[in-house]
Amino acid sequence: MRRGTFRDETVDYAAVGATQASDLLQYPPERSIPAAEAWRLGSGEERFRTAGEALLSWNAQRGAGLELADVRPASGPSYSGVAFDAEGNAIAPSRREAEQRYDADGTPYVGAGTTVHVRGRVKGHRADAELRVIFCVEEARRIGFALGTVGGSVVSGEESFMIEWRDNDEVWFTVRAFDAPTSPLYRLLPPLVRRRRRELFRGYLRAISPLYTTSA
């Protein structure tokens, strides 16, 4: 098992870890718009491992049309802070050191404390922001992480990505998020925030689901 969490005061929102709250959709952080979707990817350990590997190598973000730049792992041993279990409950802090992995292009895998700059357009919606990995989990039946905004985005908030291999052998991919509009246009027109989020979710699903990533 590998579990890590990172919290840094430079993130631009207060409710760090709120994507793990069971009542996110009913009680989102102040002035934010919540969203959550879950998709069945298939079943079995192989599907779980394949999807988890894709997730930790940033495939969801790339699949949504985002370009990753300046991916920087946390420097030195990182303090794990508060982690979360499958029910969203806080877990006691711990310290860990994990071997840094890289994909075929030399991009560091997702890890607690990693910062990344993403840019691109999602169906006409701008994406240009610095993000930080708030937590990362690699467990026997659960793999995932959360990204929090540091600055530069048209919204402020957090999104979490989780692959679960459930007891009934099904594998599920869940994305949860909350976005508080920061740009004048998005504050004036909240439906644009929801539309942007829907398009991001579709891109994430296309990248991780075997319906899209394998040929017929």
Around Ser209, with a cut-off of 13 angstrom between Cβ atoms, what is the net charge of the other residues, counting Lys and Arg +1 and Asp and Glu -1? +3
Which trypsin sites (Lys or Arg not before Pro) does the stretch 124-216 hold that lie in a coil by DSSP with at most 14 other beta carbons within 10 Å? Arg141, Arg166
Quote the FRET efficiency, to the nearest 0.05, computed for Ser75 versus Gln26 with a Förster distance R0 of 25 Å and r equal to the Cβ-Cβ distance. 0.05
Sites Thr107 and Ala36, calculated FRET efficiency, Cβ-Cβ separation with R0 30 Å, nearest 0.05: 0.65
Note down the net charge around Val116, summing +1 for each Lys or Arg and -1 for each Asp or Glu among other residues with Cβ under 11 Å from its Cβ. 0
Net charge of neighbours whose Cβ lies under 13 Å from the Cβ of Ala36, counting Lys and Arg as +1 and Asp and Glu as -1: -1
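Rule-based calculations on the coordinates, nothing more; no lab input. Small disclaimer: the values here were computed from a predicted structure and weren't measured. Every residue, glycine among them, receives a Cβ derived from its backbone with ideal geometry; neighbour counts consider all protein chains shown.
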